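Written out below as structure tokens is the structure these notes cover.
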Amino acid sequence: TNKTLQSWQEASLLLGLNEIFIKTQNSELKTHISKFIHTKIDANGNWISLPKEVDTVLLAFAISEVSFIDEKCKKPALDYIYTLLKSKIGADGTIMYRVATQNFRYVDTVGFVCPFLTKYGLEFEQEEAVDLAISQIKNFEKFGLLDNKIPCHAYDIHTKNPVGIFGWGRGVAWFIIGTLETFKILPEKHLEKKYLQNLLQLIAETLIKFQRKDGSFAWNLLDEHSRSDSSATAVFAWFFKEMNLKNEAQKSLQYLQSVTQRSGAIDFSQGDTKAIGVYSQNFEMNL
């Protein structure tokens, strides 16, 4: 029901559909993608409804990934998002999630902003944007990750204390999305490429240990009694595939197939989190 949250849900769908188009070159799919994008940005490349929060940054990244949309038809929208992100930089030099909680740095934000900042910075020669993405990841690793690279929900920028739980499945997924996409976008000779590769390898080694026999992952990785979460499992399947862990990826895909209805609806995805440490126990059918 929250349009701000729906923006990253739309982004995820757009990223997936664009990958299918790249592989199939399906003209009907291309038409649908184009129509959707033009419900967000006009013919001059400006946002029809100006984004106010960082959730929308992932949607901007997804739009930037669609190669058949002309650059001039999306650059003004991307420029606006970069300006928005600069306005969200807090006292510690990293990006806040909400002004109301500006003393905290959420793991979600790594996934929302780092891919966009990296791609935008490289394409439009804004090296400070790339630096900001790397800083967001490095600071969260320093203050928000256990030694085994499992993240907490957030950390306080003043006390440096973690808040929320460690091992929230979707939180782990957000950190992976931000870190892996940043790694993929950076050129091979970039100074931070090796750092990100090592970090991703450590995360993969830890995550394998939490995969259940049926291929799924719990909504709380550190609680063996917590129920499986399809949304986190989907991201981890993608992560394993990208890390060339084919057996683990296949096991997760088989689990996801087992909870997919004939209509395409996916069962057992965790509902939206209400606040730091307040996690939904709603795992009913999600479209």
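The values are calculated or read from the model by the stated rules, or taken from the named source; none is laboratory data. As the structure is a prediction and not an experimental result, all values here were calculated from the model. Glycine gets a Cβ as well: all are built from the backbone with ideal geometry, and neighbour counts include every protein chain shown. For the accessible areas, the whole protein counts, side chains as well, though only heavy atoms, and no ligand, DNA or RNA atoms are used. Shrake-Rupley method; radii C 1.70, N 1.55, O 1.52, S 1.80 Å.
Kirkwood radius, region 236-285, all distinct C-alpha pairs, inverse of mean reciprocal distance: 12.5 Å.
A Cα-only calculation for the chain places Rg and Dmax at 18.3, 53 Å. Loop-located trypsin sites (Lys or Arg not before Pro) across region 216-270 with a Cβ neighbour count of 13 or fewer within 10 Å are ARG227, ARG262, with loop assigned by DSSP. In region 38-166, inverting the average of 1/r over every pair of distinct C-alpha atoms gives 15.2 Å as the Kirkwood radius. Please work out the Cα center distance from region 26-90 to region 160-224, rounded to the nearest Å. Here the answer is 27 Å between Cα centres. Checking the cross-link pairs LYS3/LYS209; LYS40/LYS251; LYS52/LYS194; LYS23/LYS213; LYS3/LYS184; LYS138/LYS241 against a 26 Å limit on the alpha carbon distance flags LYS3/LYS209; LYS40/LYS251; LYS52/LYS194; LYS23/LYS213; LYS3/LYS184 as lying beyond it. Comparing mean-square fluctuations of THR83, THR109, THR233 from a GNM of the chain with C-alpha springs under 10 Å, the top value falls on THR83. In the chain, the portion of solvent-accessible area held by carbon and sulfur atoms comes to 52 percent [1.4 Å probe, whole percent, DNA, RNA and ligands not counted]. The loop-placed chymotrypsin sites (Phe, Trp or Tyr not before Pro) in region 15-87, going by DSSP, that have at most 12 neighbouring Cβ atoms within 10 Å of their Cβ come out as PHE68. Applying the Karplus relation 6.51 cos²θ - 1.76 cosθ + 1.60 with θ = phi - 60° to region 243-249 yields 3J(HN,Hα) values of 8, 6, 9, 5, 5, 5, 4 Hz, where x marks Gly and Pro.
Once region 114-219 is represented by equal point scatterers at the alpha-carbon sites, with solvent omitted, what log10 I(q)/I(0) does the Debye formula produce at q = 0.15, 0.17 Å⁻¹? These q points yield log10 I(q)/I(0) values of -0.65, -0.81. Couplings 3J(HN,Hα) for region 7-19, derived from phi with the Karplus relation 6.51 cos²θ - 1.76 cosθ + 1.60 (θ = phi - 60°), are 5, 7, 5, 4, 4, 4, 5, 5, 4, x, 5, 5, 5 Hz, where x marks Gly and Pro.
With a cut-off of 13 Å between beta carbons, the residues surrounding ARG212 carry a summed charge of -1, where Lys and Arg count +1 and Asp and Glu -1. A simple rule links phi to the HN-Hα coupling: the Karplus curve 6.51 cos²θ - 1.76 cosθ + 1.60 with θ = phi - 60°, which for region 95-109 gives 8, 7, 7, 9, 4, 5, 10, 6, 8, 10, 10, 8, 5, 3, 5 Hz, with x for Gly and Pro.
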